[in-house]
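K.L.:
The structure is given below, and queries will be raised subsequently.
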Amino acid sequence: MRESTAPLLVLGSMLSVHFGLAAGKQLFGSVGPMGVVALRLGLAALLLLLLHRPALPRTRADALLVLGLGTAVAGMNLVYPALRYLPLGTASALQLIGPVTLALLSSRRTADLAPAVLAGLGVWLFHLPGEGRSPLPGVLLALASGASMAGYLLLSRRAGARSADGAPLALAVAWSAVLTVPFGAAESGTALLEARTLAIGALVAVFATALPYSLELAALRHIPPRTVGVLQSLEPVCAGLAGAVLLSEHLAAVQWLALGCVVAASAGTVVGARVRRPGTGGGGGEAEAESRRPVNGRALGAIPAGRRRKTPAGPAPAEPHGG
């Protein structure tokens with residue numbers, strides 16, 4: 001694959017995620033939001049457990065890490081209840097606030113105040129009175145999903161440092177299924193087991209989870225993670241398009257303006273995370289690698305340490321493309 005085609009993989013990943021979410025929203029009439037969450041996480045857990053066959057954690061620290069990561073995964077799926085109140089594009093933009101806030105809190109540069117102001121302006125515009133006003137319950141659920149995504153990114157890095165395979169993630173998704181499937185079963189009952197529901201649930205699990213992970217991983221072999229992060233800042237736009245095409249959701253002008261503020265804040269945060277040149281002593285390895293990770297990537301946070309792109313040894317340029 002040529003490097004020039006790798007951004008198309010990132011675009012395909014984003015479209016896959018949000019068309020998967022749109023397909024899941026179409027099931028709300030038969031199984032409800034928590035039923036969709038139960039299907040997505042339950043099927044994903046079965047697939048990952050069969051694929052990785054993980055052993056149970058051996059230490060208390062490992063067990064707590066799996067429980068924390070799984071709880072964050074369950075929290076990220078609060079975006080589905082949020083979709084009961086919000087269009088897909090609005091929910092995606094509000095969800096992105098979590099990772100952006102995480103990146104801004106870890107920064108000490110005054111220049112990063114501009115993305116923070118843009119992100120805050122976006123949230124405020126979403127809740128303005130008038131045609132584009134977003135219901136408060138949906139806004140709070142989407143923001144909670146974004147906060148969980150920020151926690152997931154932090155914890156998945158620790159999981160990747162402890163294990164070079166996908167075992168921690170498989171156990172974490174299994175725990176997230178334990179937390180959410182009972183709510184889905186209580187909301188939907190035996191409707192979860194209908195053939196049509198299971199078929200669409202499987203499509204949601206593939207298009208919103210497995211396929212985007214694979215596409216992003218392939219893209220990361222050819223372009224720097226920071227470039228992936230900038231491209232992923234367009235996720236709310238892809239969500240808005242998916243909502244318009246599959247769900248006939250049409251955002252008001254003020255909602256598109258709010259969405260644009262969040263996109264700009266996300267892109268500005270990623271671009272602002274400049275890579276420092278290593279000193280003459282050749283240091284800066286881990287900090288440098290950390291600064292190149294996109295703040296809003298779903299798949300990159302879950303990639304085990306042994307599968308991430310490696311930085312070539314020796315002095316590196318300010319914009320390394322890796323190997």
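The values are calculated or read from the model by the stated rules, or taken from the named source; none is laboratory data. Being a predicted model, the structure only gives us computed values, none of them experimental. Every residue, glycine as well, gets a Cβ built from its backbone with ideal geometry; the counts of neighbours run over all protein chains shown. Quick note on the areas: whole protein, heavy atoms, side chains included, nothing else; ligands and nucleic acids left out. Shrake-Rupley method; radii C 1.70, N 1.55, O 1.52, S 1.80 Å.
K.L.:
Is the shape of the range 139-184 rounded, prolate or oblate, going by the alpha carbon gyration tensor and its root eigenvalues a ≥ b ≥ c, with a/c under 1.5 for rounded and a/b larger than b/c for prolate?
P.N.:
It is oblate, given that a/c is not under 1.5 and a/b is not larger than b/c.
K.L.:
Ok, one more. For the range 122-267, with all protein chains present and a 1.4 Å probe, just round the carbon and sulfur fraction of the accessible area to a whole percent.
P.N.:
On the way: 4510 of 6280 Å².
About 72 percent, which is the carbon plus sulfur part of the accessible surface.
K.L.:
Using r as the Cβ-Cβ distance of residue 221 and residue 55, and R0 as 41 Å, what FRET efficiency do you calculate, to the nearest 0.05? The partial results should precede the final answer.
P.N.:
Working: r = 29 Å, r/R0 = 0.70.
It comes to 0.90.
K.L.:
Okay, moving on. Would you mind calculating the gained length between residue 202 and residue 105 on full extension (0.36 nm times residue separation, minus the Cα-Cα distance), in nm to one decimal?
P.N.:
31.2 nm
K.L.:
Take the alpha carbon atoms of the range 16-92, find their center, do the same for the range 216-263, and report the distance between the two centers in whole angstrom.
P.N.:
That distance is 20 Å.
K.L.:
Looking at the square roots a ≥ b ≥ c of the eigenvalues of the Cα gyration tensor of the range 56-211, which shape do they give, rounded for a/c under 1.5, prolate if a/b is larger than b/c, or oblate?
P.N.:
Oblate, because a/c is 1.5 or more while a/b does not exceed b/c.
K.L.:
If Lys and Arg each add +1 and Asp and Glu each add -1, what is the summed charge of the other residues whose beta carbon sits under 12 Å from the beta carbon of residue 33?
P.N.:
+2
K.L.:
Determine the shape class of the range 13-120: with a ≥ b ≥ c the square roots of the Cα gyration tensor eigenvalues, call it rounded for a/c under 1.5, and otherwise prolate if a/b is greater than b/c, oblate otherwise.
P.N.:
Details: a/c = 2.50, a/b = 1.15, b/c = 2.18.
Taking the square roots of the gyration eigenvalues as a ≥ b ≥ c, the range 13-120 is oblate.
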